Amino acid sequence: MSWKEIYEQWANDDSLDNHLKEQLAELKGKETELEDAFYAPLEFGTAGMRGVLGPGINRMNIYTVRQATEGLANFMVKQGFDAARRGVAIAYDSRHLSQEFALEAAKTLAYHNIPAYVFESLRPTPELSFAVRYLGTFTGIMITASHNPPEYNGYKVYGEDGGQMPPADADLVTALIREVDNPLTIPVMSETAAKDEGLVTMIGEEVDQAYLAELSTVTIDQDVIDQMEDQLKLVYTPLHGTGKMLGEKALRQAGFKEFILEPEQAVADPDFSTVKSPNPEETSAFEYAMRLGKKENADLLIATDPDADRLGAAVRMPNGEYKVLTGNQIGALFIRYILEARKKTNALPENAMILKSIVSSELATAIAQSYGVPVTNVLTGFKFIAEKIKEFEIDNSHTFIFGFEESYGFLVQPFVRDKDAIQALVLLAEVAAAYKKQGKTLYDALQEIFAEYGYYAEKTISLTKAGQEGSAQIAALMKSFREQTPTEFAGIKVVQTEDFQQLIRKNAAGDTEKIASPPSDVLKYTLEDESWLAIRPSGTEPKIKFYIGVKADSDERAEQKIELLQAAINEITEN
């Protein structure tokens, strides 16, 4: 069917949700907007789906949620009686329609006689991952659009290990979703009937307490916290999202007393009205925390994104101002602290392993290697870190001790199988306390790391290419890089090219070897001065991302290298 035929199908359906019907009426005659809403189904990838709220098959609404859940339900039925009987854990964040979408998913599952365990109120993504493991459900659903603007929402699916569903299973679910001809006709059970028949169970306090009990294992040196409990001053902002309740409880449980919740941003708000973007990667997200931090003379500012899986931090500089750290810098602080603390107490396993994504800083590798600990690089997406943890549990080859992605995702203990900002919140407070005990700030700690290992710097450039035309432009750009392999960037020779779609690694002499990895649309170039660049389309947003990593003998020189490589990328993308 053409997009116009699908639009007519929606516009003429008397049973269409009233709010969506009103929105469709407002779009009447707006051809470009209507085409974008109906030209193709909202993409369902390995991270689920994410999109703008509104009517249409390319939008997030109750019908696209039902369609995704119908595919998941059919997948579970095909796995056998036990898979369906174990059911699905469902959580949701503070966004517009998140609770409604969670219940629509539960009602769709109920029609297939699949039980759903739905949190009674908003909860973080990491707790959903934990709930899947704790309750023993076969899958999990998280309704969230992470740190996207307020007009977005999304739907993430988790496997039985608590990690985001792996690609092979996600592909099967996607195929079943695509078999649904008309999302408007998917049957659902009423909420009342589903609850009466025991197919929808509300959960909350019991899972919270079990999760908090596991959080106690995140603390490495309780003595440090006990000594500094009322001396470390911390400001925490959940950026209007899900982190407040568990974050506050976790800090108190660990022993911290002098922390302050940013009051305006502690209120759940689907419009994220105090920030331009609820993204802890951005300095603007810390505006309120910085103001409060200066007033309270805080040592550290921490922000979590709306679904509390990502954590950002700002550290106090010698001049009293605050500097927002990169995800790579926070990762480096974590790794140095974890390894040093475990080494001192002889608690560092001989087979310890750190996991990170292929686009994260090599500073992590340098630090780990100095402690004799290997680092394994995995594809972008925390599900690949979760897969490795599961592999280690099966073959006992390694003991996982930390995992991270440059995009502000960290995991300390594997009772969760996704990035966990609540774990990171507790441990980063401990790290700050340990350095304050030495009379140092986290800024000082970072400078010590650079002085010892070299000045590493990274930058991510995101180009937004929205809509049908944008998708075509992204595909064309990736195709051009593959057809005309760069031999240099900014005059610096490429010594290795890695194509993770073709799974081929090639050096400057033309020698090739196979990459041991699942396929992914990523290209990575290593340069002769140890700099590197990577290119990948986003799996959840209409963006193509360019990653730059450099190493130099000074902070200034590292920034100069970043600028040169960024200029080279700009020149390529503008031509």
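The values are calculated or read from the model by the stated rules, or taken from the named source; none is laboratory data. Note that this is a predicted model, so its numbers are computed, not measured. Heads up, the Cβs are rebuilt from the backbone with ideal geometry, glycines too, and the neighbour counts pull from every protein chain shown. Note: areas computed on protein heavy atoms with side chains; ligands, DNA, RNA excluded. Shrake-Rupley method; radii C 1.70, N 1.55, O 1.52, S 1.80 Å.
Among the residues of segment 345-377, write down those that are open to solvent by 10 Å² or more (accessible area, probe 1.4 Å), closer than 20 Å to residue 446 by Cβ and not in a loop (DSSP other than H, G, I, E, B).
365, 366, 369, 370, 375
Tell me, please, whether a residue that is touching a Pro at 6+ places or on another chain (Cβ under 9 Å), open to solvent by less than 50 Å² (accessible area, probe 1.4 Å) and not in a loop (DSSP other than H, G, I, E, B) can be found in segment 252-266. Explain how you work it out, then say what you get.
First, pick out the residues of segment 252-266 that are touching a Pro at 6+ places or on another chain (Cβ under 9 Å): 261-262, 265-266.
This time we only want the ones that are open to solvent by less than 50 Å² (accessible area, probe 1.4 Å), so: 261-262, 265-266.
If we keep only those that are not in a loop (DSSP other than H, G, I, E, B) as well, we get 261.
Looking for residues that are touching a Pro at 6+ places or on another chain (Cβ under 9 Å), open to solvent by less than 50 Å² (accessible area, probe 1.4 Å) and not in a loop (DSSP other than H, G, I, E, B), one finds at least one in segment 252-266, hence yes.
Filter segment 198-244 down to the residues that are within 26 Å of the chain's Cα centre (by Cα) and without any contact (Cβ under 8 Å) to a residue 24 or more places away in the chain and list them by number.
Restricting attention to segment 198-244, the residues satisfying the condition of being within 26 Å of the chain's Cα centre (by Cα) are 202-220, 234-244.
Matches in segment 198-244: 205, 206, 209, 213.
Is there any pair with a first residue in segment 449-463 that is in contact (Cβ under 8 Å) with a residue 60 or more places away in the chain and within 24 Å of residue 535 (Cα to Cα) and a second that is outside any strand (DSSP E or B) and among the small types (Gly, Ala, Ser) whose Cβ atoms are under 6 Å apart and which are 6 or more apart or on different chains, and what are they?
Pairs that qualify, where the first residue is in contact (Cβ under 8 Å) with a residue 60 or more places away in the chain and within 24 Å of residue 535 (Cα to Cα) and the partner is outside any strand (DSSP E or B) and among the small types (Gly, Ala, Ser), are 455/554; 455/558; 456/361; 457/558; 458/361.
Among the numbered criteria (1) in contact with a strand residue (DSSP E or B) (Cβ under 6 Å, 6 or more places away or on another chain); (2) modelled with pLDDT of 95 or more; (3) part of a loop (DSSP other than H, G, I, E, B), which one does residue 58 miss?
With (1) in contact with a strand residue (DSSP E or B) (Cβ under 6 Å, 6 or more places away or on another chain); (2) modelled with pLDDT of 95 or more; (3) part of a loop (DSSP other than H, G, I, E, B) applied to residue 58, the lone miss is (1).
Quick check on my filter: what residues within segment 139-170 are open to solvent by 20 Å² or more (accessible area, probe 1.4 Å) and either among the β-branched types (Val, Ile, Thr) or without any contact (Cβ under 8 Å) to a residue 24 or more places away in the chain (or both)?
Result: 168, single match.
Under 7 Å between Cβ atoms, at least 6 apart or on separate chains: pull out the pairs that start in segment 20-37 with a residue that is polar (S, T, N, Q) and end on any residue that is surrounded by 11 or more Cβ atoms within 10 Å (Cβ to Cβ).
23/54; 23/55
Just to be sure, is residue 323 assigned to a strand (DSSP E or B), of a type outside the set (Gly, Ala, Ser) and closer than 30 Å to residue 141 by Cβ?
Working: assigned to a strand (DSSP E or B): yes; of a type outside the set (Gly, Ala, Ser): yes; closer than 30 Å to residue 141 by Cβ: no.
So residue 323 fails the test.
Need the failing condition index for residue 48 against (1) at pLDDT below 95; (2) more than 14 Å from residue 183 (Cβ to Cβ); (3) open to solvent by 20 Å² or more (accessible area, probe 1.4 Å), just the number.
(3)
Step by step: first the residues of segment 547-566, then only those that are part of a strand (DSSP E or B) and of a type in the set (Gly, Ala, Ser), then the one that is nearest to residue 461 (Cα to Cα). Which residue is that?
Pass one, segment 547-566, residues part of a strand (DSSP E or B): 547-552.
Next cut, of a type in the set (Gly, Ala, Ser) only: 549, 552.
On the way: 549: 12, 552: 20 Å.
Once the filter is applied, the top-ranked residue is 549.
Does residue 496 satisfy the criteria of being open to solvent by 50 Å² or more (accessible area, probe 1.4 Å), in a strand (DSSP E or B) and either closer than 30 Å to residue 451 by Cβ or touching a residue at least 12 places away in the same chain (Cβ under 8 Å) (or both)?
Numbers: open to solvent by 50 Å² or more (accessible area, probe 1.4 Å): yes; in a strand (DSSP E or B): yes; either closer than 30 Å to residue 451 by Cβ or touching a residue at least 12 places away in the same chain (Cβ under 8 Å) (or both): yes.
The answer is yes for residue 496.
Just to be sure, is residue 214 in contact with a Phe, Trp or Tyr (Cβ under 6 Å, 6 or more places away or on another chain), open to solvent by less than 40 Å² (accessible area, probe 1.4 Å) and either closer than 27 Å to residue 418 by Cβ or modelled with pLDDT of 95 or more (or both)? So that I can check it myself, show each step before the final result.
On the way: in contact with a Phe, Trp or Tyr (Cβ under 6 Å, 6 or more places away or on another chain): yes; open to solvent by less than 40 Å² (accessible area, probe 1.4 Å): no; either closer than 27 Å to residue 418 by Cβ or modelled with pLDDT of 95 or more (or both): yes.
Here the answer is no, as residue 214 does not meet what is asked.
Residues that are in a loop (DSSP other than H, G, I, E, B), buried (at least 17 other Cβ atoms within 10 Å of the Cβ) and among the polar types (S, T, N, Q): does segment 289-297 have at least one? Even if it seems obvious, please write down each step before you answer.
First, pick out the residues of segment 289-297 that are in a loop (DSSP other than H, G, I, E, B): 297.
Now restrict to residues that are buried (at least 17 other Cβ atoms within 10 Å of the Cβ): none.
No, segment 289-297 has no match at all.
Within segment 127-138, restricting attention to residues that are open to solvent by less than 30 Å² (accessible area, probe 1.4 Å) and outside any loop (DSSP other than H, G, I, E, B), which residue is farthest from residue 215 (Cα to Cα)?
Checked segment 127-138; the qualifying residue farthest from residue 215 (Cα to Cα) is 132.
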